[in-house]
Amino acid sequence: MNLRLLTIFFVLFCTMICVAQNFELRKEHDSLYWLNSWRLPYPIYQYQTGDVDGDGRTDAIVGVVKGTRFYPEKARRIFIFKDVNGKARPLWLGSKLGGELEDFRYADGKIRALERTTDGQYVVSDYVWGGFGMVFDHYIIKGVDKETAIKTLNR
């Protein structure tokens with residue numbers, strides 16, 4: 001009898017853990033999405049998952065188009081969400097990385113960003129979690145045209 005209760009508890013516990021680390025992005029229309037129950041009233045250009053902050057749990061990385069308090073012009077931003085008891089909760093709602101963000105990928109614990117610089121060139125950079133937001137790590141490539149940068153990002 002105890003073995004049966006232990007088995008049931010184990011199955012329920014594992015199910016809760018697996019469900020708790022799942023994110024679901026639903027589109028209501030072009031400017032309204034839901035990440036689990038978190039309302040995202042912005043256009044979304046990218047969605048990835050991965051362990052951004054290194055705690056062993058999956059995070060949701062959402063690319064949104066919006067202005068911010070410090071950068072009011074609409075542009076591409078990155079929002080990162082944690083799973084807290086099955087609900088999406090913000091870990092970081094980024095205003096800006098380095099240059100003008102065009103796209104990103106999650107790879108090997110880092111966010112790899114394709115950015116346009118002020119002189120019209122492109123860079124691909126890696127960013128890592130710095131405790132309160134993303135911190136520049138290194139350039140993969142810099143001072144290139146957009147096509148070369150896109151190929152580098154997608155490798």
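Can you pull a Stokes-Einstein diffusion coefficient for region 112-155 at 25 °C (0.890 mPa s), Rh from Kirkwood over Cα pairs, as a whole number of µm²/s? Approximately 230 µm²/s, per Stokes-Einstein.
How much length would be gained if the chain were fully extended between Arg155 and Thr58, taking 0.36 nm per residue of separation minus their Cα-Cα distance, in nm to one decimal? Show your work: numbers first, answer last.
Details: separation 97, 0.36 × 97 = 34.92 nm, distance 2.23 nm.
Value of the extension gain: 32.7 nm.
A simple spin-label model places pseudo-atoms 7 Å from Cα toward Cβ; at Asp51 and Val84 they are separated by 2.1 nm. Please determine, in degrees from 0 to 90 and to the nearest 10, the orientation of helix 2-20 with respect to the longest principal axis defined by the Cα atoms of the chain, where the helix direction is its Cα long axis. So the inclination is approximately 20 degrees.
Couplings for region 38-45, taken from phi via the Karplus curve 6.51 cos²θ - 1.76 cosθ + 1.60 with θ = phi - 60°, read 8, 6, 10, x, 9, x, 10, 10 Hz in order; Gly and Pro are left as x.
In this view, the solvent-accessible surface of Glu73, computed with a 1.4 Å probe and all protein chains in place, comes to about 150 Å².
Comparing Lys82, Lys110, Lys96, which has the greatest mean-square fluctuation in the GNM of the chain with Cα pairs linked when under 10 Å apart? So, out of Lys82, Lys110, Lys96, the one fluctuating most is Lys96. Could you tell me which of rounded, prolate or oblate describes region 28-147, using a ≥ b ≥ c as the square roots of the eigenvalues of the alpha-carbon gyration tensor, with rounded for a/c under 1.5 and, failing that, prolate when a/b is larger than b/c and oblate otherwise? It is oblate, given that a/c is not under 1.5 and a/b is not larger than b/c. For Lys87, a cut-off of 19 angstrom between C-alpha atoms picks up these lysines, skipping any fewer than 8 places away in its own chain: Lys27. Site pair Arg69 and Arg39 shows an inter-label distance of 2.0 nm when each label is modelled 7 Å from Cα along Cα→Cβ. A Förster radius of 41 Å combined with the Cβ-Cβ distance from Arg26 to Thr118 puts the calculated FRET efficiency at roughly 0.65. Where a Cα-Cα gap under 16 Å defines reach, which lysines qualify for Lys151, not counting those fewer than 8 residues away within the same chain? The reachable lysines, counting only those whose Cα sits under 16 Å from Lys151, are Lys142. If you build a Gaussian network model of the chain, linking Cα atoms that sit under 10 Å apart, which residue out of Ala107, Ala88, Ala60 swings the most? Maximum among the listed residues: Ala107. Between amide H atoms placed 1.01 Å from N, distances below 5 Å from Val52 occur with Asp59, all of them 5 or more places distant or on a separate chain. Whole-Hz Karplus values for region 127-137 come out as 10, 10, 5, x, x, 9, x, 8, 10, 4, 10 Hz, taken residue by residue from phi with 6.51 cos²θ - 1.76 cosθ + 1.60 and θ = phi - 60°; glycine and proline positions read x. Give the long-range amide H neighbours of Phe104: residues separated by 5 or more places, or on another chain, with amide H under 5 Å away, using H modelled in the peptide plane at 1.01 Å from N. Residues meeting the criterion, in which the H sits 1.01 Å from N, are Leu114.
The values are calculated or read from the model by the stated rules, or taken from the named source; none is laboratory data. What you are looking at is a predicted structure, and each value in this text was computed from that prediction instead of being measured. So basically every Cβ, Gly included, is an ideal-geometry build from the backbone, and we count neighbours across all protein chains shown. For accessibility, only protein heavy atoms count, side chains too; no ligands or nucleic acids. Shrake-Rupley method; radii C 1.70, N 1.55, O 1.52, S 1.80 Å.
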